[in-house]
Amino acid sequence: MDPLTDTAQIAYRLTLCGELCSGIFSSAYPTTSSPLGDLVRSRVFPSVDSSDSDRKRVLLGHIIATKHSALTVTDDSMAFPSDWRTKYQLAPSTGHSEDGETVCLHSLCVHPDFQKHGLGKVLLLSWVQRIKDLGSGKRIALLCRQRLVTWYESAGFKCVGPSKCTYGGGGWMDMVMEFDGGADDDNF
Ligand SMILES: CC(C)(COP(=O)(O)OP(=O)(O)OC[C@H]1O[C@@H](n2cnc3c(N)ncnc32)[C@H](O)[C@@H]1OP(=O)(O)O)[C@@H](O)C(=O)NCCC(=O)NCCS
(Lines give C-alpha, C1' and ligand atoms only; values in the text may rest on other atoms or scores of the structure.)
Protein backbone atom coordinates (compact mmCIF):
# COMPACT_ATOMS: atom_id res chain seq x y z
CA MET A 1 0.00 0.00 0.00
CA ASP A 2 1.32 3.47 -0.81
CA PRO A 3 1.63 6.28 1.80
CA LEU A 4 -1.24 8.28 0.25
CA THR A 5 -3.64 5.34 0.59
CA ASP A 6 -2.38 4.81 4.14
CA THR A 7 -3.10 8.46 5.01
CA ALA A 8 -6.57 8.30 3.43
CA GLN A 9 -7.32 5.10 5.33
CA ILE A 10 -6.24 6.64 8.65
CA ALA A 11 -8.33 9.77 7.97
CA TYR A 12 -11.35 7.55 7.17
CA ARG A 13 -11.02 5.50 10.35
CA LEU A 14 -10.33 8.41 12.71
CA THR A 15 -13.23 10.39 11.24
CA LEU A 16 -15.85 7.64 11.21
CA CYS A 17 -15.00 5.74 14.39
CA GLY A 18 -12.35 7.66 16.33
CA GLU A 19 -13.94 6.37 19.55
CA LEU A 20 -12.55 2.90 18.68
CA CYS A 21 -9.00 4.26 18.37
CA SER A 22 -6.43 5.11 21.02
CA GLY A 23 -3.04 6.72 21.55
CA ILE A 24 -0.32 6.82 24.18
CA PHE A 25 1.36 10.23 24.55
CA SER A 26 4.21 11.83 26.41
CA SER A 27 5.78 15.28 26.27
CA ALA A 28 9.24 16.84 26.53
CA TYR A 29 11.24 20.03 25.89
CA PRO A 30 13.75 20.22 23.01
CA THR A 31 16.41 20.60 25.72
CA THR A 32 15.44 17.33 27.44
CA SER A 33 18.35 14.87 27.22
CA SER A 34 16.63 11.54 26.62
CA PRO A 35 15.23 9.52 23.71
CA LEU A 36 12.09 11.65 24.14
CA GLY A 37 14.17 14.87 23.81
CA ASP A 38 15.85 13.41 20.70
CA LEU A 39 12.41 12.79 19.22
CA VAL A 40 11.24 16.34 19.95
CA ARG A 41 14.44 17.78 18.39
CA SER A 42 13.97 15.66 15.25
CA ARG A 43 10.53 17.06 14.44
CA VAL A 44 9.00 20.26 13.13
CA PHE A 45 5.88 20.89 15.19
CA PRO A 46 2.86 22.87 14.00
CA SER A 47 2.57 26.34 15.54
CA VAL A 48 -0.69 25.42 17.26
CA ASP A 49 1.38 23.12 19.49
CA SER A 50 3.91 25.77 20.47
CA SER A 51 1.89 28.90 21.30
CA ASP A 52 3.28 29.52 24.78
CA SER A 53 5.53 26.60 25.63
CA ASP A 54 8.49 24.71 24.20
CA ARG A 55 7.10 21.55 25.71
CA LYS A 56 5.91 19.30 22.87
CA ARG A 57 3.44 16.48 23.00
CA VAL A 58 4.49 13.34 21.14
CA LEU A 59 2.54 10.26 20.13
CA LEU A 60 4.47 7.15 21.21
CA GLY A 61 1.99 4.52 20.11
CA HIS A 62 -1.45 4.12 18.56
CA ILE A 63 -4.30 1.72 17.92
CA ILE A 64 -6.66 2.17 14.99
CA ALA A 65 -9.81 0.07 14.68
CA THR A 66 -13.17 -0.23 12.93
CA LYS A 67 -16.20 -2.51 13.29
CA HIS A 68 -17.39 -5.17 10.85
CA SER A 69 -19.92 -8.02 10.66
CA ALA A 70 -17.40 -10.82 9.88
CA LEU A 71 -15.98 -12.85 12.79
CA THR A 72 -12.38 -12.13 11.77
CA VAL A 73 -10.54 -9.33 9.96
CA THR A 74 -11.27 -9.59 6.23
CA ASP A 75 -10.18 -7.74 3.10
CA ASP A 76 -13.60 -6.03 3.09
CA SER A 77 -13.15 -4.77 6.65
CA MET A 78 -9.72 -3.36 5.75
CA ALA A 79 -10.93 -1.51 2.65
CA PHE A 80 -13.11 1.61 2.66
CA PRO A 81 -15.66 3.20 0.31
CA SER A 82 -14.05 5.82 -1.95
CA ASP A 83 -17.10 8.12 -1.63
CA TRP A 84 -17.31 8.05 2.20
CA ARG A 85 -16.88 11.82 2.55
CA THR A 86 -19.97 12.60 0.45
CA LYS A 87 -22.16 9.50 0.96
CA TYR A 88 -22.43 8.28 4.54
CA GLN A 89 -23.52 4.65 4.97
CA LEU A 90 -24.32 3.05 8.34
CA ALA A 91 -23.23 -0.43 7.29
CA PRO A 92 -21.31 -0.45 3.98
CA SER A 93 -19.96 -3.81 2.71
CA THR A 94 -16.41 -2.45 2.90
CA GLY A 95 -14.91 -0.47 5.76
CA HIS A 96 -16.49 0.50 9.07
CA SER A 97 -19.97 -0.83 9.84
CA GLU A 98 -21.76 0.72 12.84
CA ASP A 99 -23.82 -2.50 13.07
CA GLY A 100 -20.77 -4.76 13.12
CA GLU A 101 -20.18 -6.82 16.25
CA THR A 102 -16.48 -7.44 15.61
CA VAL A 103 -14.07 -4.68 16.55
CA CYS A 104 -11.24 -5.04 14.02
CA LEU A 105 -7.85 -3.89 15.29
CA HIS A 106 -6.12 -2.78 12.07
CA SER A 107 -3.05 -1.08 13.45
CA LEU A 108 -1.11 -1.29 16.72
CA CYS A 109 2.21 0.46 16.58
CA VAL A 110 4.78 1.75 19.07
CA HIS A 111 7.51 4.19 17.98
CA PRO A 112 10.65 2.10 17.23
CA ASP A 113 12.74 4.06 19.80
CA PHE A 114 10.30 3.13 22.58
CA GLN A 115 9.56 -0.54 21.86
CA LYS A 116 10.28 -3.37 24.34
CA HIS A 117 9.51 -1.23 27.39
CA GLY A 118 6.00 -2.55 27.92
CA LEU A 119 4.20 0.37 26.18
CA GLY A 120 2.60 -1.88 23.55
CA LYS A 121 1.12 -4.20 26.17
CA VAL A 122 -0.16 -1.30 28.31
CA LEU A 123 -1.71 0.34 25.24
CA LEU A 124 -3.31 -2.93 24.10
CA LEU A 125 -4.69 -3.99 27.49
CA SER A 126 -6.10 -0.55 28.36
CA TRP A 127 -7.71 -0.31 24.91
CA VAL A 128 -9.24 -3.82 25.26
CA GLN A 129 -10.76 -2.76 28.59
CA ARG A 130 -12.18 0.40 27.03
CA ILE A 131 -13.70 -1.54 24.12
CA LYS A 132 -15.31 -3.99 26.58
CA ASP A 133 -16.66 -1.07 28.64
CA LEU A 134 -18.07 0.58 25.49
CA GLY A 135 -20.22 -2.53 25.00
CA SER A 136 -20.40 -1.99 21.27
CA GLY A 137 -18.95 -5.32 20.11
CA LYS A 138 -18.93 -9.04 20.91
CA ARG A 139 -15.28 -9.64 20.09
CA ILE A 140 -12.00 -8.10 18.98
CA ALA A 141 -10.24 -9.53 15.92
CA LEU A 142 -6.83 -8.76 14.45
CA LEU A 143 -4.25 -10.07 12.00
CA CYS A 144 -0.66 -10.67 13.00
CA ARG A 145 2.49 -12.37 11.81
CA GLN A 146 3.35 -15.76 13.35
CA ARG A 147 6.14 -14.18 15.44
CA LEU A 148 3.60 -12.05 17.37
CA VAL A 149 1.06 -14.85 18.08
CA THR A 150 2.49 -15.60 21.55
CA TRP A 151 2.60 -11.89 22.42
CA TYR A 152 -1.10 -11.46 21.58
CA GLU A 153 -1.92 -14.72 23.39
CA SER A 154 -0.30 -13.28 26.51
CA ALA A 155 -2.79 -10.39 26.21
CA GLY A 156 -5.78 -12.78 26.09
CA PHE A 157 -6.22 -13.33 22.33
CA LYS A 158 -6.69 -16.76 20.76
CA CYS A 159 -5.13 -17.84 17.46
CA VAL A 160 -7.89 -19.32 15.26
CA GLY A 161 -5.67 -20.22 12.29
CA PRO A 162 -4.27 -18.73 9.07
CA SER A 163 -6.19 -15.76 7.67
CA LYS A 164 -7.70 -15.62 4.16
CA CYS A 165 -6.90 -11.91 4.06
CA THR A 166 -4.66 -10.98 1.13
CA TYR A 167 -3.59 -7.55 2.48
CA GLY A 168 0.17 -6.99 2.10
CA GLY A 169 0.60 -10.30 0.27
CA GLY A 170 -1.20 -12.41 2.92
CA GLY A 171 0.49 -14.86 5.29
CA TRP A 172 -1.36 -13.53 8.38
CA MET A 173 -2.73 -15.35 11.41
CA ASP A 174 -6.27 -14.64 12.68
CA MET A 175 -6.38 -13.67 16.36
CA VAL A 176 -9.66 -13.23 18.24
CA MET A 177 -10.76 -12.28 21.74
CA GLU A 178 -14.39 -13.26 22.38
CA PHE A 179 -16.34 -11.36 25.03
CA ASP A 180 -19.00 -13.06 27.17
CA GLY A 181 -21.78 -14.36 24.91
CA GLY A 182 -19.58 -14.27 21.79
CA ALA A 183 -19.05 -17.00 19.16
CA ASP A 184 -17.98 -20.59 19.97
CA ASP A 185 -14.71 -22.07 18.72
CA ASP A 186 -16.48 -24.08 15.97
CA ASN A 187 -17.68 -20.84 14.36
CA PHE A 188 -14.17 -20.18 13.06
C1 LIG B 1 4.35 -5.19 18.26
C2 LIG B 1 4.60 -3.91 19.05
C3 LIG B 1 3.34 -3.05 19.02
C4 LIG B 1 4.94 -4.25 20.49
O5 LIG B 1 5.13 -3.04 21.21
P6 LIG B 1 6.17 -2.97 22.45
O7 LIG B 1 5.96 -1.69 23.14
O8 LIG B 1 7.54 -3.25 21.95
O9 LIG B 1 5.61 -4.20 23.31
P10 LIG B 1 6.02 -4.61 24.78
O11 LIG B 1 7.23 -3.86 25.23
O12 LIG B 1 4.80 -4.53 25.60
O13 LIG B 1 6.37 -6.13 24.57
C14 LIG B 1 7.37 -6.52 23.62
C15 LIG B 1 8.43 -7.33 24.27
O16 LIG B 1 9.20 -6.51 25.13
C17 LIG B 1 9.35 -7.18 26.37
N18 LIG B 1 9.44 -6.16 27.42
C19 LIG B 1 8.41 -5.48 27.95
N20 LIG B 1 8.88 -4.63 28.90
C21 LIG B 1 10.23 -4.78 28.91
C22 LIG B 1 11.26 -4.17 29.64
N23 LIG B 1 11.04 -3.24 30.56
N24 LIG B 1 12.54 -4.55 29.37
C25 LIG B 1 12.79 -5.48 28.42
N26 LIG B 1 11.84 -6.10 27.70
C27 LIG B 1 10.58 -5.76 27.95
C28 LIG B 1 8.11 -8.03 26.51
O29 LIG B 1 8.31 -9.14 27.38
C30 LIG B 1 7.91 -8.48 25.09
O31 LIG B 1 8.75 -9.58 24.83
P32 LIG B 1 8.23 -10.83 24.00
O33 LIG B 1 7.97 -10.33 22.62
O34 LIG B 1 9.37 -11.77 24.08
O35 LIG B 1 6.98 -11.29 24.69
C36 LIG B 1 5.81 -3.12 18.45
O37 LIG B 1 6.90 -3.99 18.33
C38 LIG B 1 5.54 -2.49 17.10
O39 LIG B 1 5.01 -1.38 17.02
N40 LIG B 1 5.93 -3.19 16.02
C41 LIG B 1 5.79 -2.67 14.67
C42 LIG B 1 4.36 -2.70 14.22
C43 LIG B 1 3.75 -4.06 14.39
O44 LIG B 1 4.32 -5.09 14.04
N45 LIG B 1 2.52 -4.05 14.96
C46 LIG B 1 1.74 -5.25 15.17
C47 LIG B 1 0.90 -5.51 13.99
S48 LIG B 1 -0.03 -7.00 14.24
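Things worth noting here:
- Accessible area of segment 1-119 belonging to carbon and sulfur atoms, whole % at 1.4 Å probe: 54
- Using the Cβ of Gly156 as centre and a radius below 12 Å, the other residues enclosed give a net charge of +2, where K and R count +1 and D and E count -1.
- Zone of Asp113's modelled label, taken as backbone nitrogen in segment 52-72 under 19 Å from a point 7 Å along Cα→Cβ: 54-62
- Expected-Rg normalisation [2.2 N^0.38 Å, Cα atoms] applied to the chain: 1.12
- Only protein atoms count toward the accessible area here, which uses a 1.4 Å probe; on segment 135-188, the carbon and sulfur part of that area reaches 48 percent.
- In whole angstrom, segment 71-152 maps to an equivalent ellipsoid with semi-axes of 26, 15, 13, each derived as √(5λ) from the alpha carbon gyration tensor and ordered largest first.
- Area accessible to solvent at Asp6, 1.4 Å probe radius, in Å²: 60
- In this structure, the residue pairs whose Cα-Cα separation is over 23 Å, taken from Lys87/Lys164; Lys87/Lys132; Lys138/Lys158; Lys67/Lys132, are Lys87/Lys164; Lys87/Lys132.
- Relative contact order for segment 2-150, counting Cα pairs under 8 Å that sit 6 or more residues apart, in percent: 24
- Estimated purely from DSSP H runs of n ≥ 4, each contributing -39500 (n - 2.57), the mean residue ellipticity at 222 nm for the chain is -7000 deg cm²/dmol once divided by its residues.
- Radius ratio Rg over Rh of segment 143-188, counting only Cα atoms, Kirkwood formula for Rh: 0.99
- Once backbone amide H atoms are built at 1.01 Å from N, Lys56 has Ala28, Tyr29 as its partners under 5 Å, excluding neighbours fewer than 5 places away on the same chain.
- Positive dipole terminus of segment 20-104, leading residue within Ser34, Val58, Trp84 (C-beta point charges): Ser34
- Peptide ranges 158-167, 103-112, 88-97 listed from the most packed, as the mean C-beta count within 10 angstrom indicates: 103-112, 88-97, 158-167
- Whole-number accessible area per residue in Å² for the chain, which is evaluated in the context of all protein chains at 1.4 Å: 56
The values are calculated or read from the model by the stated rules, or taken from the named source; none is laboratory data. Here the structure is a predicted model, which means the values were calculated and not measured. With ideal geometry, Cβ positions are generated from the backbone for all residues, glycine too; neighbour counts draw on all protein chains shown. Ligands, DNA and RNA are stripped out before the accessible areas are found, and what is left, the full protein with its side chains, is counted by its heavy atoms. Shrake-Rupley method; radii C 1.70, N 1.55, O 1.52, S 1.80 Å.
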